[in-house]
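To start, the structure under review is shown below, and the notes come after it.
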Number of protein chains: 2
Amino acid sequence: MTETTQKNLKSLYRILATGRRYEHALGILYFDLSTIAPSKAMSEEGETMSFFENQYFKLITSKKAKELIVYLHEHEEELEERDRVLAKLLYEEYSKTKNVTPATQLRWSRIYNKAYEDWLKAKNAGKFSKFEKSLSKVIAASKENVSLRENALPDLYDNLLNDCEKGMLTADLDRFFGELRDGLTELLGKIRSSGHVIRRDFLSRRVPVHKQREFSDYLLKPNGYDFDRGCITTTEHPFTSDIAKDDARVTTHYHENMFISNMYSVIHEGGHAIFMQNEPDEDYDHYINDSITNGMHESVSRFYENVIGRSEEYIHLIYPKVMELFGEELGDVSERELYEAVNIVEPSLIRTEVDEVTYGLHIVIRYEMEKMICSGKISVKEIPAAWNRLYGEYLGVTPKTDAEGVLQDVHWSSGFGYFPSYAIGNAYNAIYTQRMEKEIGLRKCIAAGDFGKIKNWMKDNVFAKANILEPKEWLRSITGKDLTASDFIAYLNDKYSGIYGF
Amino acid sequence: MTETTQKNLKSLYRILATGRRYEHALGILYFDLSTIAPSKAMSEEGETMSFFENQYFKLITSKKAKELIVYLHEHEEELEERDRVLAKLLYEEYSKTKNVTPATQLRWSRIYNKAYEDWLKAKNAGKFSKFEKSLSKVIAASKENVSLRENALPDLYDNLLNDCEKGMLTADLDRFFGELRDGLTELLGKIRSSGHVIRRDFLSRRVPVHKQREFSDYLLKPNGYDFDRGCITTTEHPFTSDIAKDDARVTTHYHENMFISNMYSVIHEGGHAIFMQNEPDEDYDHYINDSITNGMHESVSRFYENVIGRSEEYIHLIYPKVMELFGEELGDVSERELYEAVNIVEPSLIRTEVDEVTYGLHIVIRYEMEKMICSGKISVKEIPAAWNRLYGEYLGVTPKTDAEGVLQDVHWSSGFGYFPSYAIGNAYNAIYTQRMEKEIGLRKCIAAGDFGKIKNWMKDNVFAKANILEPKEWLRSITGKDLTASDFIAYLNDKYSGIYGF
């Protein structure tokens, strides 16, 4: 590396170190806004976030920063692996933002903040119409954003997909989701015609929140979540926040009449947090720790939630604690009944509450919706009707209000392209789980509560390259395979034949 | 007002509007750090706070800002009342900071953040020695800070007192605290020799936290706290945060074996929040809403806590709810027993948990400690011994560890001069409460649960001038009197003779 390159790299690091202060404050503000901020203070807090996002944007798109990014892009070959990744990521970002003025960025930022607020109001009122105006602005902002990019892909949605899951475009996803839809629909048919009935009366019994809180702590600790470097609190729509190197926070939502809702929220979000808490230190030192794609992350959270959390071995492991805590409420429930109930397959309305089989169909619906919205095939007004039509078609259910329909998810208040990652995440982990089973005996680990071994395997194989390789390369480096839904479908068939006996 | 003055005022407003963004973010960061931030993330979060404090400092001490402040100071006579107050406050601040460079400010900011962290660690470990180094740095920073001021008062402690309670200096406070100490000591003697024994066994009964949470909500709502413009959560050392115009947050701490600890924390902090939520809008619009002195604020919080919360009428009002919520734990406690127990007078160690009589002596001790520390009469190493000696002398008790001694309060991690305000607050409200009784029939209002009337009286008489007048003028404008401890001592004698029967 020449002296100039060394000097420029250092200068860039200094800017990024300051950038981290903004990310840190924005992370705390976002977390606050989504958890505890009072209703009448949200609008002002959104404004404050917009202000600091804008300050951050100014820093990272300053003349000095731009010069350094372009320089390092042109001298990439001199850099070591991680700095090369950094230079590449920054240059990609530079290509996206070089024509965006701070004033434009501030306008967008305000649109997204307002959209979040309006979404929340609309959801509480159960009325999509209250979100319509904001959503139109989000769509317009997405279009404007892509139109200002250098080297944008021709299709709007492809750009947004690429932002979330690099390299996975509609060409890949049409094939993947076709395969997934067919496999799931076939499996759903087998389950329906099996005639097996799963007991479910106890799932809606009242379980006091304070007992559920204790249960959350019990679930997260052994999985390897470090409470000294994170915390757990409540929110409307559970998420995990990567606030700082030693601060990965989990949120959940307690429903008194649906204790498994919190149970699987916590395990899922805990999976994200375990990922965040175990990224390589070197990635952090080289400022590339935030570049993981969503699908990689979801592969881990959904692995903890489903492959571990909904397995027979896991239910066997935690059953005694369930009885200890909820004996009063669930004393008459056997271990087998609990296992079957957390895996009951039943077409329903709310994505975050459903089983592993119908979940994929919820994502297929969102993928088709996003394609239609981004291509302009449907107008904003037509969104609820299209949503309800697809739910009828794929799942045979119809939302009674928009709150349990098109308004259930927060995602569209900040744009499009995220949902596919959930299904891709399932597919990723179904592929790499096979290797894990062979190498460390996954099922035995779960039965023994040996989550340390699982975490270590994840560190060595999943987390180690997740900040460096793009999804396609990354998956190949772990498994030697390309993205397919077939391993996931095979996993489900194997598991559910054991439950429904077909 | 000339055109130039108008223009300059507007320019200053613009800077202050930006400043509010920093205050808002810093408010959220401080709140986060004090409530939910994970232990290993605190240090980094402190660094981020220091960064933004420094950015804010640069903004407010920029060449442009300084010019505007000096200009408006010189053209004060052209301004309307509130802008004149603003100009005066900013000029005072300017005189304090004009010789402070951003680098110096950053250094101080880091000292205070580190001191908070070290205080927490020291308290948890029960060892003053772990806080010693940081406390020495806080003292040195205070000295340096005062030495850089224009027009500093000759005595270090007078400057710090003046920062907290403008115009109330050692000359006033020596007299006030002397009066207070004598009055309280005499009253304590009467109580002790009355021979009346108050039942207290139930005060340490286990009351589950989730029930106490419900109780907190019950207590705050009728007092007039607006939950849409605030929230309540837990912390180590309860405080209230004035985060934004529509965001005044209350914190508390739940002790399972001391339910009245949370009860009076919540009522006290709720009093602060009610003040914050009911300041005149015009004060906010003129950027003078943050200039209230601590004593004025404490007069309100301690009014809600004691004059209302520990009154016979209030206990009568809430007794049915107490039985409804805590019937299982406190079913055998009569209304009279509860009233006497929340007023039990007993020399003890922890300031925030004590009765109204000994409370003042806890403050006298801190006042004497701060005087000794600031004058250099005792070294940092000698602080715990001096503390323990004074506790023995005034209250006849001795801390077993520093955690229940000199480390119990967070305040010294950010400097000196605050404690006197608590006692001054008591004195203020004892003076203006007499007027309230005459004008709206305070006791009847409490008995009827008519807290709206009380809040309105506060708005018209206490909050309305609290951002405009300095404490001495303010007190005179409400009551026509000067600061004295005698009304407070009279109030206590009247109340406690009814309880202890002397």
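The values are calculated or read from the model by the stated rules, or taken from the named source; none is laboratory data. Model, not experiment: these values are computed from the prediction. FYI the Cβ positions are ideal-geometry reconstructions off the backbone, even for glycines, and counts take in every protein chain you see. Heads up: the accessible areas ignore ligands, DNA and RNA and are worked out on the full protein's heavy atoms, side chains in. Shrake-Rupley method; radii C 1.70, N 1.55, O 1.52, S 1.80 Å.
For A:Y500, indicate whether it is within 23 Å of A:R336 (Cα to Cα) and touching a Ser or Thr at 6+ places or on another chain (Cβ under 6 Å). So that I can check it myself, show each step before the final result.
Working: within 23 Å of A:R336 (Cα to Cα): yes; touching a Ser or Thr at 6+ places or on another chain (Cβ under 6 Å): yes.
Taking the combined requirement at face value, the residue satisfies it.
I'm trying to understand the selection: among the residues of segment A:121-149, which are of a type in the set (A, V, I, L, M, F, W, C) and either open to solvent by less than 40 Å² (accessible area, probe 1.4 Å) or within 23 Å of the chain's Cα centre (by Cα) (or both)?
Residues satisfying the conditions are A:A122, A:F128, A:F131, A:L135, A:V138, A:I139, A:A141, A:V146.
Condition check: without any contact (Cβ under 8 Å) to a residue 24 or more places away in the chain and under 30 Å from A:E470 (Cβ atoms). Does A:L169 satisfy that? Can you show your working first?
Working: without any contact (Cβ under 8 Å) to a residue 24 or more places away in the chain: yes; under 30 Å from A:E470 (Cβ atoms): yes.
Against the criterion (without any contact (Cβ under 8 Å) to a residue 24 or more places away in the chain and under 30 Å from A:E470 (Cβ atoms)), A:L169 qualifies.
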Next on the checklist: Of the residues A:I350, A:I363, only one is within 24 Å of A:F239 (Cα to Cα), within 24 Å of the chain's Cα centre (by Cα) and in contact (Cβ under 8 Å) with a residue 60 or more places away in the chain; which?
Outcome noted: A:I363
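Which fully enclosed helices (runs of 4 or more DSSP H) of segment A:33-148 have 3 or more residues being more than 30 Å from B:V250 (Cα to Cα) and within 14 Å of another protein chain (Cβ to nearest Cβ)? Spell out how you get there, then give the answer.
On the way: elements: A:42-60, A:63-74, A:81-97, A:102-125, A:129-147.
Here the list reads A:42-60.
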Item to check | All positions within segment A:161-187 that are of a type in the set (A, V, I, L, M) and either open to solvent by less than 10 Å² (accessible area, probe 1.4 Å) or in contact with a Lys or Arg (Cβ under 9 Å, 6 or more places away or on another chain) (or both) | outcome: A:L161, A:M168, A:L173, A:L180, A:L184, A:L187
Checklist outcome for this item: Here the residues within segment B:220-232 that are open to solvent by less than 10 Å² (accessible area, probe 1.4 Å), outside any loop (DSSP other than H, G, I, E, B) and in contact with a Lys or Arg (Cβ under 6 Å, 6 or more places away or on another chain) are none
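Kindly establish whether B:V364 is modelled with pLDDT of 95 or more and outside any loop (DSSP other than H, G, I, E, B). If you could, list the steps in order and put the result at the bottom.
Numbers: modelled with pLDDT of 95 or more: yes; outside any loop (DSSP other than H, G, I, E, B): yes.
The answer is yes for B:V364.
Can you find a residue that is more than 14 Å from chain A (Cβ to nearest Cβ), part of a helix (DSSP H, G or I), under 30 Å from B:L169 (Cα atoms) and open to solvent by 10 Å² or more (accessible area, probe 1.4 Å) anywhere in segment B:310-320?
Pass one, segment B:310-320, residues more than 14 Å from chain A (Cβ to nearest Cβ): B:310-320.
Then keep just the ones that are part of a helix (DSSP H, G or I); that gives B:312-320.
Those still in the list that are under 30 Å from B:L169 (Cα atoms) too: none.
Checked segment B:310-320: no residue is more than 14 Å from chain A (Cβ to nearest Cβ), part of a helix (DSSP H, G or I), under 30 Å from B:L169 (Cα atoms) and open to solvent by 10 Å² or more (accessible area, probe 1.4 Å).
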Checklist entry - Pick from segment A:421-440 the residues that are more than 18 Å from A:N493 (Cβ to Cβ) and touching a residue at least 40 places away in the same chain (Cβ under 8 Å): which of them is most open to solvent (accessible area, probe 1.4 Å)? => result A:R435
Next on the checklist: I'd like to know if segment B:97-106 contains one or more residues that are open to solvent by less than 60 Å² (accessible area, probe 1.4 Å) and within 29 Å of B:W387 (Cα to Cα).
Outcome noted: no
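Within segment B:233-282, work out how many residues are open to solvent by less than 40 Å² (accessible area, probe 1.4 Å) and not in a loop (DSSP other than H, G, I, E, B). So that I can check it myself, show each step before the final result.
Initial filter on segment B:233-282 (open to solvent by less than 40 Å² (accessible area, probe 1.4 Å)): B:233, B:235, B:237-241, B:243-244, B:247-252, B:254, B:259-280.
This time we only want the ones that are not in a loop (DSSP other than H, G, I, E, B), so: B:233, B:240-241, B:243-244, B:247-252, B:259-277.
Of the residues in segment B:233-282, 30 are open to solvent by less than 40 Å² (accessible area, probe 1.4 Å) and not in a loop (DSSP other than H, G, I, E, B).
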Item to check | Which numbered condition B:E346 misses (of (1) open to solvent by 30 Å² or more (accessible area, probe 1.4 Å); (2) more than 27 Å from B:L153 (Cα to Cα); (3) modelled with pLDDT of 95 or more) | outcome: (3)
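Here is a check on your reading of the model: is A:V207 at pLDDT 95 or above and loosely packed, with under 15 Cβ neighbours inside 10 Å?
Numbers: at pLDDT 95 or above: yes; loosely packed, with under 15 Cβ neighbours inside 10 Å: no.
Answer is no for this residue.
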Checklist entry - Within segment A:37-50, how many residues turn out to be crowded, with 21+ Cβ neighbours inside 10 Å and in contact (Cβ under 8 Å) with a residue 12 or more places away in the chain? => result 5
Checklist outcome for this item: If we ask which residues in segment B:398-412 are exposed (fewer than 15 other Cβ atoms within 10 Å of the Cβ) and closer than 14 Å to B:P347 by Cα, their number turns out to be 1
Checklist entry - Would you say B:S34 is small (G, A, S) and under 22 Å from the mean Cα position of the chain (by Cα)? => result yes
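Name the single residue, out of those in segment A:209-220 being in contact (Cβ under 8 Å) with a residue 60 or more places away in the chain and within 14 Å of chain B (Cβ to nearest Cβ), that is nearest to A:F326 (Cα to Cα).
Of segment A:209-220, the ones in contact (Cβ under 8 Å) with a residue 60 or more places away in the chain are A:211, A:214-215, A:218-219.
Keeping just the survivors that are within 14 Å of chain B (Cβ to nearest Cβ) gives A:211, A:214-215.
Working: A:K211: 7, A:E214: 11, A:F215: 9 Å.
So the residue we want is A:K211.
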Next on the checklist: Restricting to segment A:441-461, give me the number of residues that are open to solvent by less than 40 Å² (accessible area, probe 1.4 Å) and more than 22 Å from A:L219 (Cα to Cα).
Outcome noted: 1
Item to check | Qualifying position, being within 14 Å of chain B (Cβ to nearest Cβ), in contact (Cβ under 8 Å) with a residue 12 or more places away in the chain and within 23 Å of A:A430 (Cα to Cα), among A:M276, A:M263, A:M296 | outcome: A:M276
Checklist outcome for this item: Among the residues of segment A:184-223, the number that are over 30 Å from A:T233 (Cβ atoms) and within 23 Å of the chain's Cα centre (by Cα) is 1
Next on the checklist: Between a residue in segment B:225-242 that is of a type in the set (A, V, I, L, M, F, W, C) and any residue that is part of a strand (DSSP E or B), which pairs come within a Cβ distance under 6 Å, given they are 6 or more apart or on different chains?
Outcome noted: B:C231/B:R249; B:I232/B:V250; B:F239/B:T251
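Applying the selection to segment A:21-31, what residues are charged (D, E, K, R) and either under 22 Å from the mean Cα position of the chain (by Cα) or outside any helix (DSSP H, G or I) (or both)?
If we filter segment A:21-31 for residues that are charged (D, E, K, R), which is where we start, we get A:21, A:23.
A:E23 - this is the single residue of segment A:21-31 that is charged (D, E, K, R) and either under 22 Å from the mean Cα position of the chain (by Cα) or outside any helix (DSSP H, G or I) (or both).
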